[in-house]
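Below is one structure, written out as structure tokens; the observations come after it.
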Amino acid sequence: MDPNETPQCRRNLEALQAKAAEKRREKEAAPVPVIHIGSATCGIAAGALDTRQAFQEALAERGIEARIHTVGCVGHCYAEPVVIIDHPDSGFPPIFYHEVTPGKARMLVKLFLEQGDPRFEHIYGATIENDMIPWVQEFPRFSMEHRLVMDRCGRIDPEDIFEYLDDGGYAALAAALETEPSDIVAEIGAAGLRGRGGAGFPTAKKWSFAAATDGEKFVICNADEGDPGAYMDRTILESNPHQVLEGLAICAYAVGASRAMVYVRAEYPLAVRIVTRAIEQARSEGILGESVLGSGFRLDMEVFQGSGAFVCGEETALIRSMEGFRGMPVHRPPYPVEAGLFGRPTVINNVKTLASVPPILENGAEAYRSVGTADSPGTAIFSVVGDVVHPGLVEIPMGTTLRTLIYDVCGGIAKKKSFRAVQIGGPSGGCLPESFLDTPIDFDSLIEAGAMMGSGGMVVMSEDSCVVNVCRYFLEFTQKESCGRCTFCRIGTRHMLEILNRLTCGEAVEEDLERLENLAHDIREGSLCGLGKTAPNPVLTSLRYFREEYEAHVREGRCPGMMCRPLIAYYIELDKCARGCDACVGCCPTDAVFTTSTRKKGIDLELCVKCGECMVACPPEYDAVRKISPAHLAPVVERSPKRDKEAKDKA
Amino acid sequence: MTVTLTVDGKALQAEAGSNLLEVCLENGITVPNLCHLPGLEPPPAACRLCFVELEGIDAPVTSCTVPVSDGMVVHTDTDRVRRLQRSALRFLLSVHDVDCKNCHANHHCALQDLARFLKVGLKPRGLSIILKEPEVDDDHPFIRHYPNRCVLCERCLRTCHDRHGHSPLALSGRGFDTVIRCFADTPEDAQPCQSCAACVDVCPVGALVLKTG
Ligand SMILES: Cc1cc2nc3c(=O)[nH]c(=O)nc-3n(C[C@H](O)[C@H](O)[C@H](O)COP(=O)(O)O)c2cc1C
Ligand code: SF4
Ligand code: SF4
Ligand code: FES
């Protein structure tokens, strides 16, 4: 080949980029305002489709020209539905609006798009620096993030491959195809990329094992994502599928596989649709198929819909389920890279791992290593849920401390409560106390603390949560999701759950704590696969760090977080209760609230189901409803037969 | 190629790559096991009884999944191994309807042998007994299944698959509720079972019974 000649792949890519630029110019030809609406599953759940319709209707009614641009998720769940309005003629920068209900949408069309008033009281921030409106990058929730993998999420239309191309997409693949496969593996190795599926296994090591084998091989993107509360992978697939496909294609080229699959759970219908469409588009533009970008490298890609069992995310179970069997893990070794799908060498990587590959190749290993820590380079993506002010998806440099993530990025504990615990890594992870808040978030530090990265689910608990109860919840989950194959996980976790159930009902005995610990130890050591081996983690860590909470349940029948219903009681503080107010009466589903002889309110503890509705209903200026644990401490307020009769007569 | 390994201080000769559990058993070293079937690969490694310790590896491993290699040093009788084995057996017994005198497997039941060997009582202390419903699965015309006797070793279905390439037996349910089910859509489907009944023979306990009459 003539060294001065532009190589084939690059030329083909340039042609596609030119086509993409042309399409953009066409779209932008009419200088109309653009309304970007976040429409991934999270946005849709918050009502993004209604918002979109409201925009469309209002625009039509008022005869205003504007372009609606469907984008993925920006990760700010607390603010959904999120809309960005770019209205250059107004003189304002592009503006980020949060919680845009259909009503707000109609209002914005009328007042902002028609009359040029952006309604300052509804503005969250501007997306670029300016001197009129605070720039979102000035807020910690934005400035402390480092978007490497999620950079394009919420910016581009996930269903339009040309937007990805126009944003520099597929350049890494084009360049990779002109590089020796071994050099790609070396570059990924130099970057120190570690698998984001939980265990942090070095990706280059996995790839080089597979690359060293001959014959047919497969590469699979693991998008099973079954952890309760984790939705990073779904969001990435729904917001920027092509970056994942690009990473998967590079992986296939690097290891010499000609077939690639994306394993998505069928419970993610939008992700399935978007990925399927993305693959079709890539194929029709020559990015997949007979000759990828004209390189002669052949790659077929398809979506496999998993049945949605949590255990099918475990790589050997995933393979079994793709082979048409019951999704049950098998003993490793052999590892999938030795004998995987249909007995052939198979590389399985997580969505986030693969999505990290194009930016690494584009910017180089050095740049990747400049973010994160020496042993865990790059970024960590967490879905932070629970009692924080700004829950959502965050991408932060590895090595950021838990404190920074919880207090700065996510705005701290909601409702001015205090921190109790953070559960990291979902049902396989651990529960850490306040003294661990300065732990840096990276693979090894979390393991050392007894937690793990897992796939990136994080639940933050305030003083109003019960650690025992939350662990019970996670164990109930793993216990149900066990494949049922091996003795320890199938039966052992059930015994653990029995004890946890007793604890949260106040029926446990002192020996139960030791039993629980022994069970946890044996299950961890004896189980066949990662599910069983890690299922005891929440309990083991919380027994270590929150033992006094377990003991309170056993010894005093007291739930410190006042969450375990059998251990709590509600009562009304008579000094605070306002005579004549009956805000709480109607809301009680069991008519447990009665009027006392002094025309205040009391709760009949026999009837009370402890739903807490009265506490919510009591006006804040009185704030008279109290929760107490152990339950027997609740003061008994006698019913007044006279008042009861009056109430009955009235009814 | 023949290799030498040491098990509990005894030097043994074996074919490289052969199954460690089988090598132990062939040499008269008792290693508890329920789910292993010689020759049927890969092992499900489901019962979690065949643990041994290998020098150089920090946690006990299931011997049915270990190919032997030269110089391997194996300990079958360590505290850690026994603890796991007892724990596994106690778990199995905690979901077992212990009613030996009314069970046809009485006196040739693997659970009884294991309990004797590991010195574990048939009623596991400290664990609640959790039984499944229904007690009997009578759907198959010729085979009756007792879920509360089954140890889910998968021997029956693997044997059946091996012989016939397909099987009316399958695992069903998830987690604790996993059971062996005998699926036979039509009586004709079940016909071959009448003359085979291999599953009944390989069941280490009394969970499968051939219906008579
Ligand atoms: C019970 C269980 C569930 C898992 N679920 C997932 C999952 O949903 N997604 C995932 O990528 N990895 C999951 N894993 C990890 C995979 O087995 C595998 O290690 C991973 O996909 C490898 O990708 P990586 O090297 O990119 O991390 C799970 C593991 C276990 C034990
Ligand atoms: S540990 Fe649990 S999920 Fe894993 S093989 Fe055993 S029973 Fe199945
Ligand atoms: S029926 Fe018998 S052979 Fe089949 S799994 Fe149960 S115990 Fe094992
Ligand atoms: S015989 Fe090895 S796990 Fe059952």
**OP:** Keeping to the stretch A:476-493, report how many residues are more than 16 Å from ligand 4 (Cβ to nearest atom) and among the basic types (K, R).
**Re:** 1
Original post:
Do we have B:G9 as away from ligand 1 (no atom under 16 Å from the Cβ), away from chain A (no Cβ under 14 Å) and touching a His at 6+ places or on another chain (Cβ under 9 Å) here?
Top reply: yes
**OP:** Give the residue, chosen from A:R490, A:R472, that is in the same structural domain as A:R502 (by TED's automatic domain parsing), among the charged types (D, E, K, R) and away from ligand 2 (no atom under 16 Å from the Cβ).
**Re:** A:R472
Subject >> Set B:C156, B:C193, B:C160: member being part of a helix (DSSP H, G or I) and under 30 Å from A:L497 (Cα atoms) >> reply: B:C156
Subject >> Selection count where residues are within 16 Å of ligand 4 (Cβ to nearest atom) and not acidic (D, E), scope the stretch A:494-540 >> reply: 7
Original post:
Exactly one of (1) more than 14 Å from every other protein chain (Cβ to nearest Cβ); (2) among the polar types (S, T, N, Q); (3) open to solvent by less than 50 Å² (accessible area, probe 1.4 Å) is unmet by A:N363. Its number?
Top reply: (3)
**OP:** Pick out the one residue from A:P538, A:P560 that is under 30 Å from A:H331 (Cα atoms) and touching a strand residue (DSSP E or B) at 6+ places or on another chain (Cβ under 9 Å).
**Re:** A:P538
Original post:
If you go through the stretch B:37-69, how many residues are within 12 Å of chain A (Cβ to nearest Cβ), in a strand (DSSP E or B) and open to solvent by less than 70 Å² (accessible area, probe 1.4 Å)?
Top reply: 4
Original post:
Which residue, of A:R502, A:R485, is part of a loop (DSSP other than H, G, I, E, B) and among the charged types (D, E, K, R)?
Top reply: A:R485
Subject >> All positions within the stretch B:135-192 that are within 14 Å of chain A (Cβ to nearest Cβ), within 16 Å of ligand 4 (Cβ to nearest atom), touching a residue at least 60 places away in the same chain (Cβ under 8 Å) and open to solvent by less than 30 Å² (accessible area, probe 1.4 Å) >> reply: B:V151, B:L152, B:C153, B:E154
Subject >> Condition met for A:V303 (open to solvent by 10 Å² or more (accessible area, probe 1.4 Å), outside any loop (DSSP other than H, G, I, E, B), in contact with a Ser or Thr (Cβ under 8 Å, 6 or more places away or on another chain) and in contact (Cβ under 8 Å) with a residue 24 or more places away in the chain) >> reply: yes
**OP:** Show the residue pairs that are 6+ apart or on different chains and have beta-carbon atoms under 6 Å apart, the first residue being within the stretch A:323-345 and facing chain B (nearest Cβ under 9 Å), the second being crowded, with 19+ Cβ neighbours inside 10 Å and in a loop (DSSP other than H, G, I, E, B).
**Re:** A:M328/A:C483; A:M328/A:R485; A:H331/B:A45
**OP:** Give A:G197, A:G226, A:G286 a once-over and let me know the one that is touching a Gly at 6+ places or on another chain (Cβ under 9 Å) and farther than 28 Å from A:G372 by Cβ.
**Re:** A:G286
**OP:** Filter the stretch B:88-126 down to residues that are in a helix (DSSP H, G or I), of a type in the set (G, A, S) and touching a residue at least 60 places away in the same chain (Cβ under 8 Å), then give me how many there are.
**Re:** 1
Original post:
open to solvent by less than 20 Å² (accessible area, probe 1.4 Å) and within 16 Å of ligand 2 (Cβ to nearest atom) - does that describe any residue in the stretch A:198-208?
Top reply: yes
Original post:
Which residue out of B:E26, B:E22 is among the acidic types (D, E) and within 15 Å of the chain's Cα centre (by Cα)?
Top reply: B:E22
Subject >> Residue that is closer than 17 Å to A:G313 by Cα and either of a type in the set (D, E) or away from chain B (no Cβ under 14 Å) (or both), where the choices are A:E463, A:E476, A:E481 >> reply: A:E481
Original post:
Residue check: is B:R125 modelled with pLDDT under 95, open to solvent by 30 Å² or more (accessible area, probe 1.4 Å), within 14 Å of another protein chain (Cβ to nearest Cβ) and within 16 Å of ligand 1 (Cβ to nearest atom)?
Top reply: no
Subject >> Scope the stretch A:481-528; condition within 13 Å of ligand 1 (Cβ to nearest atom), closer than 15 Å to B:L49 by Cα, touching a residue at least 24 places away in the same chain (Cβ under 8 Å) and not polar (S, T, N, Q); matching residues >> reply: A:R485, A:C486, A:C489, A:L528
**OP:** Name the single residue, out of those in the stretch A:503-521 being more than 28 Å from the chain's Cα centre (by Cα) and surrounded by 21 or more Cβ atoms within 10 Å (Cβ to Cβ), that is farthest from the other protein chains (Cβ to nearest Cβ).
**Re:** A:L503
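Here is a yes/no grid of residues against (1) over 29 Å from A:E80 (Cα atoms); (2) not β-branched (V, I, T):
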residue	(1), (2)
A:P333	yes, yes
A:V337	yes, no
A:R344	yes, yes
A:V351	no, no
A:E362	yes, yes
A:E366	yes, yes
A:R369	yes, yes
A:D375	yes, yes
A:V389	no, no
Subject >> Unmet criterion (only one of (1) modelled with pLDDT under 95; (2) away from ligand 2 (no atom under 16 Å from the Cβ); (3) open to solvent by less than 40 Å² (accessible area, probe 1.4 Å); (4) not polar (S, T, N, Q)) for A:G324 >> reply: (3)
**OP:** Give me a count of the residues in the stretch B:54-80 that are among the small types (G, A, S), closer than 23 Å to B:L118 by Cβ and touching a strand residue (DSSP E or B) at 6+ places or on another chain (Cβ under 7 Å).
**Re:** 1
Original post:
Among (1) at negative phi; (2) surrounded by fewer than 23 Cβ atoms within 10 Å (Cβ to Cβ); (3) in contact with a strand residue (DSSP E or B) (Cβ under 6 Å, 6 or more places away or on another chain), where does A:P333 come up short?
Top reply: (3)
**OP:** Go through the stretch A:324-355 residue by residue and tally those that are in contact with a Lys or Arg (Cβ under 7 Å, 6 or more places away or on another chain) and among the hydroxyl-bearing types (S, T, Y).
**Re:** 2
Original post:
How many of the residues making up the stretch A:529-551 are buried (at least 23 other Cβ atoms within 10 Å of the Cβ), over 13 Å from A:I491 (Cα atoms) and near ligand 2 (Cβ under 10 Å from one of its atoms)?
Top reply: 3
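The values are calculated or read from the model by the stated rules, or taken from the named source; none is laboratory data. Keep in mind it's a predicted model, so treat the numbers as computed, not measured. In this analysis, Cβ positions are derived from the backbone assuming ideal geometry, glycine residues included, and neighbour counts consider all displayed protein chains. Heavy atoms of the whole protein, side chains included, go into the accessibility calculation; ligands, DNA and RNA do not. Shrake-Rupley method; radii C 1.70, N 1.55, O 1.52, S 1.80 Å.
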